[in-house]
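The values are calculated or read from the model by the stated rules, or taken from the named source; none is laboratory data. None of these values were measured; they are calculated from a predicted model. Neighbour counts are summed over all protein chains in view; Cβ atoms, including those assigned to glycine, are modelled from backbone coordinates with ideal geometry.
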Amino acid sequence: MTRFFRRGLPLRYRICLALLLAVRPASADELQVGPSLHYFDYSEFTDDGSRFNRETGFLPGFQIGVDNLASQDFRAHLEAEFYRGTVDYDGQTQNGVPHSTESDTTLYRLGGSVSYAFKDNFQSYLLLRYLRWDRSIRDNFNSILGANVPGVNEQYRWKEAGVGARAHLGCQPDCRWLLDVALLRVLDPEIQINLEDRGFGSPVLHLGEEYGVRAQLAWMLRWQENRRINLNLYYEAWDFGRSADVVVNRGTLFLVVREPRSETRSAGARLTFTFLF
């Protein structure tokens, strides 16, 4: 990644992640860790609703989480996820010329939830997460223009609040299914665009808050008294609203910067190893 991304995660993210990684068995009822595979599907749209560009591809990653049973009915959960890879970029230049390249993509997620058990096989929960997406669109030669199209580095940051419910399907002691559905609200989304190499600094644009959804289906198998394997399949969707126009300048030269409306539709699989204490 370029210098634009070397500043690392915000301090609050690093502190929370360090606490999560340092958790001791005595302070949690469950520790979950395992690999993930995330299919990333992101599209931007013009004001008339036509698709401007699309980025798709698989991102390998991992997740770690802890659960704590606060009382007989309340459970607290804290988790962190990380994904990194290269996706295909298929779109057009600012002048409308078709253009294809690749994007280096990194996703960070840190969040938690509090759930309440109405019955042994049904819970509702509230969740709050912080998310960050580092996007580095690569330079690439365009045969139509006969020239190299420069890339750009961007960083998206937002929060996500939601309410959800999960139900256990089947109550065998060693094997069960879990269905989880949540309604999400995107909060305080913003994008920082690195235009420093062109002399326009790194402007921050505020995006529109929109809604999202997430659905998960998990299969859980207990293979030892205090060990469990989970296979989780999920689908999630959220949108960003269009930003307002922002004017930046380099001396007497002015540039209008905007971020279009976008949609993210993703799916994936997680293999989680759970250790019970």
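Return the only residue of Glu160, Glu154, Glu102, Glu81 being under 26 Å from Trp223 (Cβ atoms) and modelled with pLDDT of 95 or more.
On inspection, the qualifying residue turns out to be Glu81.
Taking only pairs six or more apart or across chains, which ones have beta-carbon atoms under 8 Å, a first residue in region 65-85 that is within 19 Å of Phe118 (Cβ to Cβ), and a second residue that is modelled with pLDDT under 85 and buried (at least 18 other Cβ atoms within 10 Å of the Cβ)?
Listed by first residue and then by second, the contacts come to Asp67/Ala28.
Yes or no: region 88-97 includes at least one residue that is in a strand (DSSP E or B) and of a type in the set (A, V, I, L, M, F, W, C).
Filtering region 88-97 down to residues in a strand (DSSP E or B) leaves 88-92.
Now narrow it down to the ones that are of a type in the set (A, V, I, L, M, F, W, C): none.
Within region 88-97, none of the residues are in a strand (DSSP E or B) and of a type in the set (A, V, I, L, M, F, W, C).
Looking for whichever is under 26 Å from Pro35 (Cβ atoms), among the hydrophobic types (A, V, I, L, M, F, W, C), touching a His at 6+ places or on another chain (Cβ under 8 Å) and surrounded by 14 or more Cβ atoms within 10 Å (Cβ to Cβ) here; the options are Leu107, Leu78, Leu131. Which one fits? Break it down into steps so the answer makes sense when it comes.
Values: Leu78 fails: touching a His at 6+ places or on another chain (Cβ under 8 Å); Leu131 fails: touching a His at 6+ places or on another chain (Cβ under 8 Å).
Sole residue among the options that is under 26 Å from Pro35 (Cβ atoms), among the hydrophobic types (A, V, I, L, M, F, W, C), touching a His at 6+ places or on another chain (Cβ under 8 Å) and surrounded by 14 or more Cβ atoms within 10 Å (Cβ to Cβ): Leu107.
Within the set of pairs 6 or more residues apart or between chains, which connect a residue that is under 30 Å from Glu209 (Cα atoms) and part of a strand (DSSP E or B) inside region 142-157 to a residue that is small (Gly, Ala, Ser) and modelled with pLDDT of 90 or more with Cβ atoms less than 7 Å apart?
Close Cβ pairs (under 7 Å, with a partner that is small (Gly, Ala, Ser) and modelled with pLDDT of 90 or more) amount to Asn153/Ser136.
Answer yes or no: is there a residue in region 224-245 that is over 23 Å from Phe82 (Cβ atoms), in a strand (DSSP E or B), out of contact with any Ser or Thr (no Cβ under 9 Å at 6 or more places or on another chain) and touching a residue at least 12 places away in the same chain (Cβ under 8 Å).
No - not one qualifying residue is present in region 224-245.
On the basis of being under 27 Å from His38 (Cβ atoms), out of contact with any Gly (no Cβ under 8 Å at 6 or more places or on another chain) and either of a type in the set (Lys, Arg) or assigned to a strand (DSSP E or B) (or both), does Tyr116 make the cut? It would help to see each step written out before you state the result.
Numbers: under 27 Å from His38 (Cβ atoms): no; out of contact with any Gly (no Cβ under 8 Å at 6 or more places or on another chain): yes; either of a type in the set (Lys, Arg) or assigned to a strand (DSSP E or B) (or both): yes.
Criteria not met by Tyr116.
Applying the selection to region 210-250, what residues are touching a Lys or Arg at 6+ places or on another chain (Cβ under 6 Å), over 29 Å from Leu183 (Cβ atoms) and crowded, with 16+ Cβ neighbours inside 10 Å?
Arg222
Ser143 fails exactly one of the following numbered conditions: (1) modelled with pLDDT under 95; (2) surrounded by 14 or more Cβ atoms within 10 Å (Cβ to Cβ). What is the number of that condition?
For Ser143, the failing item is (2).
Being modelled with pLDDT under 55 and among the charged types (D, E, K, R) is the requirement here; does Arg12 meet it? Let's see the steps before the verdict.
Details: modelled with pLDDT under 55: no; among the charged types (D, E, K, R): yes.
Against the criterion (modelled with pLDDT under 55 and among the charged types (D, E, K, R)), Arg12 does not qualify.
Got at least one residue in region 126-148 being more than 25 Å from His206 (Cα to Cα) and in contact with a Gly (Cβ under 6 Å, 6 or more places away or on another chain)?
Within region 126-148, one or more residues are more than 25 Å from His206 (Cα to Cα) and in contact with a Gly (Cβ under 6 Å, 6 or more places away or on another chain).
Among the residues of region 30-60, count how many are surrounded by fewer than 17 Cβ atoms within 10 Å (Cβ to Cβ), farther than 19 Å from Trp133 by Cα and among the acidic types (Asp, Glu).
2
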